[in-house]
There are 2 protein chains.
Amino acid sequence: MPRTRSALPATGPVRLGPDSRAALRPAAAGIDTGFWQARRASNAHVSIPQGPALLEAAGNLHNLRLAAGTAAGEFQGAYPFVDTDVYKWLEAAAWQLAQAPGEGQAPGEDQAPGEDQAPGEDHAPGEDQAPDGDLAPDGDLAPDGDLAAEVGRIVALVAGAQQPDGYLNTWFQLVKGGERYKDLRWGHELYCAGHLIQAAVAHHRATGSGELLDVALKFADHIDSVFGPPGSGKPIDGIDGHPEVETALVELYRETGERRYLELAAYFVDRYGHGLLGGEAYCQDRVPLREATNVEGHAVRQLYLLAAAADLATETGDAELRTAAERLWHAMTTTKTHLTGGLGAHHEEEDFGDPYELPNERAYCETCAAIASVQWSWRMALLTGEARYSDLIERTLYNGFLAGVSLDGERWLYVNPLQVRDGHTDPGGDQSARRTRWFRCACCPPNVMRLLASLEHYLASGDDNGLQIHQYVSGRYASDLAVIRSETDYPWHGTIALTVEETPAEPWTLSLRIPQWCREFRARCGQETYEGPVADGWLRLERTWSPGDQVVLELSLEPRLTAADPRVDAVRGCVAIERGPLVYCLEGVDHPGGGLDDIVVDTTRPLAVKHRPDLLGGVTTVVAAGSRRHLPDAGWWPYAPVDDSPDSPQQDGECVELTAVPYYAWANREDGSMRVWLPTS
Amino acid sequence: MPRTRSALPATGPVRLGPDSRAALRPAAAGIDTGFWQARRASNAHVSIPQGPALLEAAGNLHNLRLAAGTAAGEFQGAYPFVDTDVYKWLEAAAWQLAQAPGEGQAPGEDQAPGEDQAPGEDHAPGEDQAPDGDLAPDGDLAPDGDLAAEVGRIVALVAGAQQPDGYLNTWFQLVKGGERYKDLRWGHELYCAGHLIQAAVAHHRATGSGELLDVALKFADHIDSVFGPPGSGKPIDGIDGHPEVETALVELYRETGERRYLELAAYFVDRYGHGLLGGEAYCQDRVPLREATNVEGHAVRQLYLLAAAADLATETGDAELRTAAERLWHAMTTTKTHLTGGLGAHHEEEDFGDPYELPNERAYCETCAAIASVQWSWRMALLTGEARYSDLIERTLYNGFLAGVSLDGERWLYVNPLQVRDGHTDPGGDQSARRTRWFRCACCPPNVMRLLASLEHYLASGDDNGLQIHQYVSGRYASDLAVIRSETDYPWHGTIALTVEETPAEPWTLSLRIPQWCREFRARCGQETYEGPVADGWLRLERTWSPGDQVVLELSLEPRLTAADPRVDAVRGCVAIERGPLVYCLEGVDHPGGGLDDIVVDTTRPLAVKHRPDLLGGVTTVVAAGSRRHLPDAGWWPYAPVDDSPDSPQQDGECVELTAVPYYAWANREDGSMRVWLPTS
């Protein structure tokens, strides 16, 4: 049952300040049915409800009790940033609480695991309710009955652990004897503060409660009393090895109007790159952002820092910072982004790697990096009004991000490779190519939860002239000016039917993002028809609208074969299958009788599309013609002179039908091989 | 001045036991001039003499004094295995002492840095003496005057650090309060013992002195009293996380005749793969060697373990172990070996990676893994008599191994990538693509030293029927039966002139390895001419020989373009340039006016050869035709539908002459880009 305007969540992670220079303002949106509703249902009814038990089992909540003095025992966990797992879960739960209550009981409620369910158990709640295979139940996303109580309970644990002067980090309080800010390179104290602040802002925005916000404000004030530039009278001129507090402080300024937080964020951002942490790229300390020519170092650190730069440029009008962010975004997308939107080429140091170094099997593409990329790009979209930022968001959401969570919402990928070879030896643990119930470094799962719970925030924007639709869903978009109802089966079908529900009498512009991947589209609006191309990614329909007016946008979803810039050495001689915003892959399980590594795709034969409601929660597959190479036994050495090739036996092979499934859905069946890029000869 | 038979080193790292089942026995050999003599001169007169000062500066010798109680201070170094840097240097120095003294002073002697030279100084000793550019002086390799004294001094330090019951590990003695064998997974205690034993065996073989051997025997006996299978009455049933002691114990058996050491080695080898260390592939503990189907885990650990398996099969006739070693060698070469012979695809955990996962820029190819590969393959060559093992040794020596040391013998590479991109951001430290003076984990430099100092051991073998020449050098080969003098300018020229110097009256077989890479050869022997191919890699010349008989072998050194098995995804659509045993690469410094990443090689044009005595110590370059792509600006997204390509601007480019230099010589000029594999379109 679709929500009315008043029921749309009117809030989200980014709320612009009064002096903001943003081109666009986030608009409210609500997803009612369809692709993303299914993912959000599994997040709401499986992932988020299971969080407290998992955090309990991993010791995160125990650490808070220890710090509060209400429990005894040893600190649990291997990292100084384990508190952030709690904070990110709280942020996710808060966005969930922001969902207006639905008309009935949440359908998944009775499947939400109670405290008696061990986190390691292989239990798929809601399996029998799922109408579409593996997916968790669709339906109302109103929070399950006890979520508010769970949040309250855990907020109290956080508050209890805080020290009187506002400091809060259970690792340093419990393991390091209360030592503070002595190991800024690795200590993650400000990083933890950042996630606490973001959770507190979400909690305040979603519930109106100041309970967690008070904790965050005390910590922020403490940090502000300690950190500052030389001459400021503050004891420490320093930055955290992991950027994160900066964008949180900007949001705290936006929430409270207190400019000290904005200034503190600006100070931190500008102190990176000056050797305060030893000058390592890993910590974003090799070169100042304003001078950098490409993204580098630890991907998530780089991206959180750039999100803060975008926030600061938005709030302060700092043109140099904006130019730097635009320059680095362009350098990143042209030279360091995988087809899936995944970021980070190296396992070692979780590093971006060199330009055009985009390996497949060793693609790191941390799920958190995909999330950080969405956060940064959304801030860039608001700041500039340019569509390309939401192009990247779409690609990332449907591929590099969504692959991070299993269809049932219970298992996770930390790294998101684009290839798993036949004969793969899996390392297990956080870097496994097999979905895992929880991680030793559990940053990704609650990060996925908070993005899915706040996904409606990233769909639309408004400005004085109208409403811009960035992402296509079934539901409503509502700017200050107007409300649009949307019905679509995107991304499986390309038709999006938009109906004006509320509109002023004056003319305004409805802007529709025509995705970068889309080569043909048609929009019908009354008697008029629009066809591409559009120069800047926006189809702008300016007119006087009346309630009931309809725009039908048809995006051609012809499947396509995609090749890479020739400097991407890893995929030379290969193509990938894509359809709409979806990147496809082959999985070994769909190709019995041999592995994937001998397969060649025939690019001269047409691609066929087949919707499979039975498969992977319902997916449209793409079927391609291919063959399986017969390789001659070349002896013990796999390299040979090229002019020997004519003499060697012909590499003919048997024809095989290749069934490609959306990349986001891989690794949801049996363990096995997978590949996105397919050799053409 | 060539050495006489009696002056040939009659010893080396492998001496077969009396019951050995080896097909071949190591034969004595001596290198007089030419390619390898230049490398050995730089090792003898630069690398090895600089060792003590570097070990002093890094704290390794200080640790020994601390453990002996003759100095005060803190333990230096970051690893529990820092003692092995000393042991490997001692082994290298011992093999150097095994060189018979020459007729005159060693030419490099007065350049050997004394204790007043700091290890970090950028000083190239012998530069003014080098007749061939950057290379250290050629000439007599008799040890510099004070080497024996240095060895004696450091042997005494080692002996002084040993505890009364034979245990010796400065890390555990000094940092861990004497705790022993509590952290077998990471402690490296037996690994350290292994390198101590190998050094002691070398010292004993080279000098006849039992001083270091006594230390090793005490430690070995201690280990034998502690470790054993359940029911043996020994307190610990365990293995070391890093195999190494096993092959050392076999050699200690060979040196002393004490079978307990052989049995202890056999026990250790067979306890891997049973979960004693938690079951990780990293520690070779996932699966027993006898059941393994491919090499896996940490490359050096795997290779040292396999060298021990070959030793055990040789000494005990264990057919199952031999079969496993042969199977794993074949699996490794067909699926996990880089063109250079380099091994280990992952930086993360220094792991072998999956089959056919052979990245270029992230090739780990640790220098130590190349050395371990030579050690294992030589044992396989002796065990089986098959030529392919020495084929891999040749490829490894000239490429993946030799790249590990700079031309001047003063700087090192720990990892040996096959590509450094334009715009590479170098991490510095041990994983740098720039040559480094010493490493935090300094395993590679003294490992290179010990292999170069004992290189003559890997050149030839004998059996009851004759002499086998595995590697071609200028010098002499001497089995029990005969002595052959060899003159060649290999690998720059393909002619090898072999003259019989000593021979029995009875007929015997001179076997010449025809390299796997060689497609055409001709051997003239008196009136007879032999041409290829040879079925098993050996050209066998059986006859009655007389002193003065000559065999002239001509190996065709036509440069060639090489392609890889199509399953090696990383090099699809690329070729490499090779000539003889040498793999070539392009360096940015030879291609000004643009980077290497836009270059395409024209495979239809002939390759030209140009010897450049002025370049890189004298190298033969290969010149190829190529072009520099002009890439259209594709906007912000580097992926596009393939059927868009015809519409996009033609990728024509300017013609460029490509100058390829031997891979071993890369990174000896300015920092910059490099690539072995070249796109063909």
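The values are calculated or read from the model by the stated rules, or taken from the named source; none is laboratory data. Note that the structure is predicted; figures quoted are calculated from it, not measured. Neighbour counts are summed over all protein chains in view; Cβ atoms, including those assigned to glycine, are modelled from backbone coordinates with ideal geometry. Accessible surface is based on the protein model in full, side chains and every heavy atom, while ligands, DNA and RNA are left aside. Shrake-Rupley method; radii C 1.70, N 1.55, O 1.52, S 1.80 Å.
Details
- Pick from region B:330-346, criterion out of contact with any helix residue (DSSP H, G or I) (no Cβ under 9 Å at 6 or more places or on another chain) and among the hydroxyl-bearing types (Ser, Thr, Tyr), ranking: nearest to the other protein chains (Cβ to nearest Cβ): B:Thr334
- A single member of A:Arg605, A:Arg579, A:Arg628, A:Arg567 is facing chain B (nearest Cβ under 8 Å), basic (Lys, Arg) and within 26 Å of B:Pro641 (Cβ to Cβ), and it is A:Arg567.
- Search result, residues across region A:399-409 that are surrounded by 24 or more Cβ atoms within 10 Å (Cβ to Cβ) and of a type outside the set (Val, Ile, Thr): A:Asn399, A:Gly400, A:Phe401, A:Leu402, A:Ala403, A:Gly404, A:Leu407, A:Gly409
- Failed item in (1) touching a residue at least 24 places away in the same chain (Cβ under 8 Å); (2) open to solvent by 20 Å² or more (accessible area, probe 1.4 Å); (3) under 27 Å from B:Asp85 (Cα atoms), with B:Glu348 passing the rest: (1)
- For B:Gly573, the criteria (1) without any contact (Cβ under 8 Å) to a residue 12 or more places away in the chain; (2) open to solvent by 20 Å² or more (accessible area, probe 1.4 Å); (3) within 13 Å of chain A (Cβ to nearest Cβ) hold in every case but one, which is (1).
- Hits in region A:504-547 - residues which are over 34 Å from the mean Cα position of the chain (by Cα) and either among the β-branched types (Val, Ile, Thr) or open to solvent by less than 70 Å² (accessible area, probe 1.4 Å) (or both): A:Pro504, A:Gly526, A:Thr529, A:Arg543, A:Thr544, A:Trp545, A:Ser546
- Residue in region A:537-547 that is farther than 25 Å from A:Pro679 by Cβ, at pLDDT 95 or above, assigned to a loop (DSSP other than H, G, I, E, B) and within 14 Å of chain B (Cβ to nearest Cβ) present: yes
- The set of residues in region B:347-362 being more than 7 Å from chain A (Cβ to nearest Cβ) and closer than 21 Å to A:Gly429 by Cβ consists of B:Glu349, B:Glu350, B:Asp351, B:Phe352, B:Gly353.
- With respect to the conditions (1) free of Cβ contacts under 8 Å to residues at least 60 places away in the same chain; (2) open to solvent by 10 Å² or more (accessible area, probe 1.4 Å); (3) not in a loop (DSSP other than H, G, I, E, B), B:Arg395 falls short on a single one, namely (1).
- Of the residues screened, A:Arg519 is one that is under 18 Å from A:Asp391 (Cα atoms) and either within 14 Å of chain B (Cβ to nearest Cβ) or polar (S, T, N, Q) (or both).
- Of everything in region A:400-430 that is in a helix (DSSP H, G or I) and away from every other protein chain (no Cβ under 12 Å), the residue that is nearest to A:Val568 (Cα to Cα) is A:Gly400.
- Test result for B:Glu349, touching a Gly at 6+ places or on another chain (Cβ under 8 Å) and modelled with pLDDT under 95: yes
- Selection count, region A:286-304, where residues are touching a helix residue (DSSP H, G or I) at 6+ places or on another chain (Cβ under 6 Å) and β-branched (Val, Ile, Thr): 2
- Scanning region A:24-54 for residues that are assigned to a helix (DSSP H, G or I) and more than 21 Å from A:Val151 (Cβ to Cβ) turns up A:Phe35, A:Trp36, A:Gln37, A:Ala38, A:Arg39.
- Evaluation of A:Glu320 against (1) within 20 Å of the chain's Cα centre (by Cα); (2) closer than 29 Å to A:Leu24 by Cα; (3) surrounded by fewer than 24 Cβ atoms within 10 Å (Cβ to Cβ) (one fails), failing number: (1)
- Listed by first and then second residue, the pairs with beta-carbon distance under 6 Å, at least 6 apart or on different chains, first residue in region B:667-681 and over 17 Å from B:Gly404 (Cα atoms) and facing chain A (nearest Cβ under 9 Å), second surrounded by fewer than 21 Cβ atoms within 10 Å (Cβ to Cβ) and of a type in the set (S, T, N, Q), are B:Thr680/B:Thr603.
- Checked against (1) within 14 Å of chain A (Cβ to nearest Cβ); (2) out of contact with any Cys (no Cβ under 7 Å at 6 or more places or on another chain); (3) of a type in the set (A, V, I, L, M), B:Val473 meets all criteria but (1).
- Which listed residue, of A:Leu561, A:Leu553, A:Leu586, is closer than 21 Å to A:Gly385 by Cβ, modelled with pLDDT of 95 or more and either crowded, with 18+ Cβ neighbours inside 10 Å or away from every other protein chain (no Cβ under 14 Å) (or both): A:Leu553
- Lone unmet requirement of (1) free of Cβ contacts under 8 Å to residues at least 40 places away in the same chain; (2) within 14 Å of another protein chain (Cβ to nearest Cβ); (3) buried (at least 22 other Cβ atoms within 10 Å of the Cβ) for B:Tyr272: (2)
- Hey, A:Glu326 in contact with a Gly (Cβ under 6 Å, 6 or more places away or on another chain), among the acidic types (Asp, Glu), open to solvent by 10 Å² or more (accessible area, probe 1.4 Å) and more than 10 Å from chain B (Cβ to nearest Cβ) or not: no
- A:Tyr490 meets the stated requirement of being away from every other protein chain (no Cβ under 14 Å), touching a residue at least 24 places away in the same chain (Cβ under 8 Å) and not in a strand (DSSP E or B).
- Any pair with Cβ under 7 angstrom, 6 or more apart, that starts in region A:312-334 at a residue that is farther than 21 Å from B:Asp633 by Cβ and ends at one that is assigned to a helix (DSSP H, G or I) and of a type in the set (D, E, K, R): A:Ala313/A:Arg322; A:Thr314/A:Arg379
- Condition check for A:Arg540: within 29 Å of A:Glu357 (Cα to Cα) and either free of Cβ contacts under 8 Å to residues at least 24 places away in the same chain or of a type in the set (D, E, K, R) (or both): no
- Within region B:187-240, the residues that satisfy the criterion of being more than 22 Å from B:Asp270 (Cβ to Cβ), open to solvent by 60 Å² or more (accessible area, probe 1.4 Å) and not polar (S, T, N, Q) are B:Glu211, B:Asp214, B:Lys218.
Conditions tested, residue by residue: (1) open to solvent by 20 Å² or more (accessible area, probe 1.4 Å); (2) within 30 Å of A:Ala640 (Cβ to Cβ); (3) touching a His at 6+ places or on another chain (Cβ under 9 Å); (4) among the polar types (S, T, N, Q).
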{"position": "B:Ala266", "(1), (2), (3), (4)": "yes, no, no, no"}
{"position": "B:Asp285", "(1), (2), (3), (4)": "no, no, yes, no"}
{"position": "B:Val300", "(1), (2), (3), (4)": "no, yes, yes, no"}
{"position": "B:Ala307", "(1), (2), (3), (4)": "no, yes, no, no"}
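- Subset tally (residues that are touching a residue at least 60 places away in the same chain (Cβ under 8 Å) and in contact with a helix residue (DSSP H, G or I) (Cβ under 6 Å, 6 or more places away or on another chain)) for region B:367-391: 16
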